[in-house]
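*Asks:* Just dropping this structure here.
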Amino acid sequence: MKKLITLLMVVSMSVMLLAGCGVKNTAGSADVKSIKKDATLAAMLPANLKTAGKILVGVDDSYPPMEFRDDSNNLVGFDKDLGDAIGKKLGVTMEWVPTKWDGILLALESSRFDMLLSSLSDTPDREKEILFSKPYIQGGPVLVVKKGTKGITTGADLSGKIVGVQTGTTGDDAVRAMAGVKEVKGYDKITDALMDLAIGRTDVVVADDQVGTYYVGLDSTKYEVVGKLAAEPFGIGFKKADTKLRDAVQGAIDSLKKDGVLTTISMKWFKADYYK
């Protein structure tokens with residue numbers, strides 16, 4: 001699923017949506033300074049990227065806690081830390097290219113950046129367009145409601161309800177395919193959807209697992225995750241022809257998992273180890 005926010009939205013969310021529980025400044029990667037370059041993996045990179053000494057990474061910087069701007073306008077999040085760790089393993093700098101989610105696959109295919117690391121669900125339709133790494137974490141759309149809401153725990157319970165989604169996400173597709181939903185409200189930003197939930201304009205918001213859990217954690221007295229529609233693997237996206245880059249990045253991910261770095265990053269952002 002996917003997303004979109006700015007510094008001003010972070011500030012307004014802390015005041016309007018989460019009653020003072022704003023997005024915290026957690027800038028900085030999870031111990032990436034200790035990661036050593038792997039010469040074998042670095043040698044796998046395409047020649048142009050070796051020469052440039054950097055990889056351009058597409059990201060929609062609006063999806064806490066995966067990727068977002070903190071209170072100092074720094075890009076932070078799980079995917080940011082993961083990307084920087086991959087760069088350390090490959091001996092290159094990761095240069096992040098903020099891109100609006102609507103059209104982000106086209107931007108990848110048009111070579112605006114080299115790879116897409118931005119909570120991208122690996123789906124059969126997307127596999128027809130781009131190349132994926134192996135899944136690096138499991139996401140999936142969850143149901144977020146105001147605390148104490150009764151009668152919504154599964155997809156079947158969305159019948160007759162007004163549902164907020166981020167436009168163009170897999171959650172959006174899933175809800176629109178359901179029979180009986182009273183209305184699907186699409187938003188450019190998941191934070192807009194959550195704000196409408198807070199003031200009663202929607203009955204439930206469908207958001208990705210980590211995102212829903214993150215916002216509930218900011219104010220668990222007001223919101224809760226009550227169910228999950230499906231499990232979805234997140235992968236890193238590449239142009240179809242970029243098998244060498246994909247293989248180098250995949251090798252870096254595998255090494256980071258073995259070294260325990262992925263566990264460190266997971267604990268930092270989710271207070272849970274997704275790599276047990």
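Each value in this text was obtained by applying a stated rule to the coordinates, not by laboratory testing. Bear in mind that the values here come from a model prediction, so they are computed numbers and not experimental data. Every residue, glycine among them, receives a Cβ derived from its backbone with ideal geometry; neighbour counts consider all protein chains shown.
*Asks:* If you average the alpha carbon positions of the range 152-216 and of the range 44-99, how far apart do those two centres end up, in angstrom?
*Replies:* Using only Cα atoms to place each centre, the spacing works out to 29 Å.
*Asks:* Would you list, by chain and number, the lysines whose Cα falls below 30 Å from the Cα of Lys150, excluding same-chain residues fewer than 8 positions away?
*Replies:* Lys2, Lys3, Lys161, Lys182, Lys185, Lys189, Lys222, Lys228, Lys271
*Asks:* Let me ask something else. So how strong a dipole does the chain carry about its Cα centre when Lys and Arg Cβ are +1 and Asp and Glu Cβ are -1, to the nearest 20 debye? Present the calculation step by step, with values, prior to reporting the outcome.
*Replies:* Working: 37 positive and 36 negative charges, 79 e Å.
For this selection, approximately 380 debye.
*Asks:* What number in nm² do you get for the chain if you take the convex hull of its Cα atoms and divide its surface by four?
*Replies:* Value for the chain: 13.6 nm².
*Asks:* Looking at the range 56-183, what % of the alpha carbon pairs are farther apart than 21 Å?
*Replies:* 50
*Asks:* Per q in 0.14, 0.16, 0.28 Å⁻¹, report the Debye log10 I(q)/I(0) for the range 47-107, using one uniform scatterer on each alpha carbon and no solvent.
*Replies:* One equal scatterer on each Cα of the range 47-107 leads to -0.42, -0.54, -1.15.
*Asks:* Further question on the same structure: What are the semi-axes of the equivalent ellipsoid for the range 141-228, taken as the square roots of 5 times the Cα gyration tensor eigenvalues, largest first, in whole Å?
*Replies:* Semi-axis lengths for the range 141-228 are 17, 14, 12 Å.
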